[in-house]
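Asker: Let me give you the structure first, and then I'll get to my questions.
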Amino acid sequence: MNPIPHVFPEEMEFLRILWCDNANIIRAKAIYLQEGEDFPLKVGIGAGQQGVPVMHDGIIEESGLSPIGEIQLEADLSTFKELDYAPGHVQVMGYMIKDGKIWSCCPRGFLKKMIINLKKINLEVKSSFENEFYLLKNDSEQKKGPEILEETPFASTYSMNINHDFIRELVDSINNQGMRVEQYYPEAGPGQQEVTIKYDDALVSADNQISFRDTVKAVAHLHGIRSSFLPKIFSQKSGNGCHIHLSLWKSDENKTGDMDNEYGLSSQCKQFIAGILKHLPAIMAITTPTSNSYRRIKPKTWSGAFQCWGIDNREAAIRVISEEDGAVKHLEIKAVDASSNPYLALGAIIAAGMDGLKNSLELEKPLQEDPGNMTPSDLAKRKIKLLPNNLGDAIYHLENDKIILDALGKDLSKAYLAVKKAEWEFFKDLSLSEEVEILLDKF
Ligand code: GLU
Ligand code: MG
């Protein structure tokens with residue numbers, strides 16, 4: 001019999017073991033704790049779970065998975081969190097285990113593998129996810145489209161006052177889970193919020209992203225409001241981005257910048273950025289993985305619609321951020337939203353960056369103007385292209401990107417592509433409102 005691990009509080013009733021699937025749904029199975037009885041730290045789930053798309057609960061045949069086959073979801077106790085919003089429940093992240101090893105289709109296992117690969121060349125990534133989300137009216141009385149909660153502009157103090165109770169409880173709950181809130185402000189859309197969490201090791205930051213999404217939705221629900229991270233809810237209002245902020249480290253030293261080097265970037269970081277830029281059209285099938293994602297990524301919306309980088313340029317897909325003294329400590333990848341599985345997104349970004357390092361890829365000059373104001377011929381002269389403008393296009397790039405497919409591995413890439421292709425087929429002719437109806441509460 002397993003003793004009850006000492007980290008668990010006495011009043012605990014359920015241990016939730018979480019996973020996030022290829023469709024980016026956060027799921028858990030919860031184990032009921034009986035004093036004095038066997039208490040397993042794992043639970044069985046069907047292997048077919050990694051072949052399920054966002055729109056229905058069935059396995060896509062081409063995923064290579066089927067209703068036959070079982071894997072174990074094993075608790076990673078280092079991720080233990082108490083949940084203020086669900087008294088009696090605690091949560092841990094799970095690894096998918098098969099035959100005693102992390103299963104080839106486990107997203108968290110994929111990120112872990114990428115982190116280990118990077119570590120082999122003596123580098124580490126630290127990261128954080130810059131979440132934006134909308135607060136909306138609750139529609140529990142009848143099924144209808146999303147309704148704006150309030151009409152306030154960017155950084156409005158009035159919005160801060162209206163939403164004070166919700167934000168306060170949200171921040172308390174996040175801090176109590178061991179994450180650290182850094183900043184909060186009302187974003188440009190009406191009722192849109194941005195709350196940022198301090199960067200951490202890549203795996204921890206991806207775990208935090210799962211907990212953050214869950215916490216926002218749960219606390220909003222407790223306040224009688226609805227929340228959504230869906231990338232584009234209203235066609236004429238700001239989208240919800242989830243930019244990934246990232247820095248490169250070597251033995252506890254930030255190696256992103258180098259004041260004595262070109263553009264203030266270390267040679268390794270230049271190559272890492274060149275790798276991400278090269279693979280961006282393909283990894284967008286992972287970082288912006290829903291049909292809805294592409295309604296957000298448009299020129300002049302701060303969402304990074306062009307395959308280029310710039311220093312403090314908020315219209316480039318990669319923004320290198322300079323500090324007050326000109327030093328560079330981190331960069332931001334804008335072609336990401338919270339409909340992406342954070343383990344897959346971060347893992348794919350690391351794989352792309354590592355390709356840049358391995359092949360010493362050259363970084364083009366930074367773009368220091370708004371690409372949305374440039375003529376097609378000026379863009380062509382600078383070799384700058386628009387990024388994919390639909391999921392089908394991004395899937396095509398991913399299918400043809402051997403580096404990223406190899407990094408994902410045969411089983412995970414097959415299952416992932418099958419799920420995404422099925423989703424694209426299902427969603428590609430739907431209108432925004434039809435799409436929103438299906439996806440609003442999923443993300
Ligand atoms: N809402 C913008 C997006 O969709 C980002 C705004 C910003 O934080 O710069 O990416
Ligand atoms: Mg923002």
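Asker: On the basis of being among the acidic types (Asp, Glu) and within 16 Å of ligand 2 (Cβ to nearest atom), does ASP337 make the cut?
Answerer: Yes, satisfied.
Asker: When the range 118-135 is examined, which residues are found to be surrounded by 22 or more Cβ atoms within 10 Å (Cβ to Cβ) and more than 16 Å from ligand 2 (Cβ to nearest atom)?
Answerer: Result: VAL125, SER127.
Asker: Scan the range 193-219 residue by residue and report those that are surrounded by fewer than 24 Cβ atoms within 10 Å (Cβ to Cβ), within 16 Å of ligand 2 (Cβ to nearest atom) and either farther than 28 Å from CYS106 by Cβ or over 17 Å from the mean Cα position of the chain (by Cα) (or both).
Answerer: Matches in the range 193-219: GLU194, VAL195.
Asker: Which condition breaks for PRO153 when tested against (1) loosely packed, with under 14 Cβ neighbours inside 10 Å; (2) within 19 Å of the chain's Cα centre (by Cα)?
Answerer: (2)
Asker: Going by what's in this entry, would ILE115 be described as more than 16 Å from ligand 2 (Cβ to nearest atom) and at pLDDT 95 or above?
Answerer: yes
Asker: Now for a separate question. Name the single residue, out of those in the range 292-302 being surrounded by fewer than 24 Cβ atoms within 10 Å (Cβ to Cβ) and in a loop (DSSP other than H, G, I, E, B), that is nearest to ligand 1 (Cβ to nearest atom).
Answerer: This residue is TRP302.
Asker: Okay, next question. Pull up the range 404-427, narrow it to residues that are of a type in the set (Gly, Ala, Ser) and part of a helix (DSSP H, G or I), then point me to the one that is farthest from ILE60 (Cα to Cα).
Answerer: Across the range 404-427, the extreme among qualifying residues is ALA407.
Asker: Now, a different point. Given the residues ALA274, ALA335, ALA305, ALA317, which is the only one that is among the hydrophobic types (A, V, I, L, M, F, W, C) and away from ligand 1 (no atom under 16 Å from the Cβ)?
Answerer: Matching residue, one of ALA274, ALA335, ALA305, ALA317: ALA274.
Asker: Ok, one more. Could you check GLU324 against (1) buried (at least 24 other Cβ atoms within 10 Å of the Cβ); (2) more than 13 Å from ligand 1 (Cβ to nearest atom) and say which number it fails?
Answerer: Single failed check for GLU324: (1).
Asker: Moving to a separate point now. Tell me, which residue of the range 370-390 that is assigned to a loop (DSSP other than H, G, I, E, B) and either more than 31 Å from the chain's Cα centre (by Cα) or among the acidic types (Asp, Glu) (or both) is nearest to ARG296 (Cα to Cα)? Outline the logic, then answer.
Answerer: In the first step, residues of the range 370-390 are kept if they are assigned to a loop (DSSP other than H, G, I, E, B); the result is 370, 374-375, 382-385, 387-390.
Next cut, either more than 31 Å from the chain's Cα centre (by Cα) or among the acidic types (Asp, Glu) (or both) only: 370, 375.
Numbers: ASP370: 17, THR375: 22 Å.
Once the filter is applied, the top-ranked residue is ASP370.
Asker: May I pose another question? Kindly indicate which of GLY347, GLY310, GLY326 is at pLDDT below 95 and not hydrophobic (A, V, I, L, M, F, W, C). First the steps, then the outcome.
Answerer: Working: GLY347 fails: at pLDDT below 95; GLY310 fails: at pLDDT below 95.
From the options GLY347, GLY310, GLY326, the qualifying one is GLY326.
Asker: Of the residues GLU182, GLU124, GLU150, which single one is in contact (Cβ under 8 Å) with a residue 60 or more places away in the chain and assigned by TED's automatic domain parsing to the domain that holds PHE272?
Answerer: Details: GLU182 fails: in contact (Cβ under 8 Å) with a residue 60 or more places away in the chain; GLU150 fails: in contact (Cβ under 8 Å) with a residue 60 or more places away in the chain.
Criteria check complete, one pass: GLU124.
The values are calculated or read from the model by the stated rules, or taken from the named source; none is laboratory data. None of the values given here were measured: they were computed from a predicted structure. Glycine also receives a Cβ, built like all others from the backbone with ideal geometry; neighbour counts cover every protein chain displayed.
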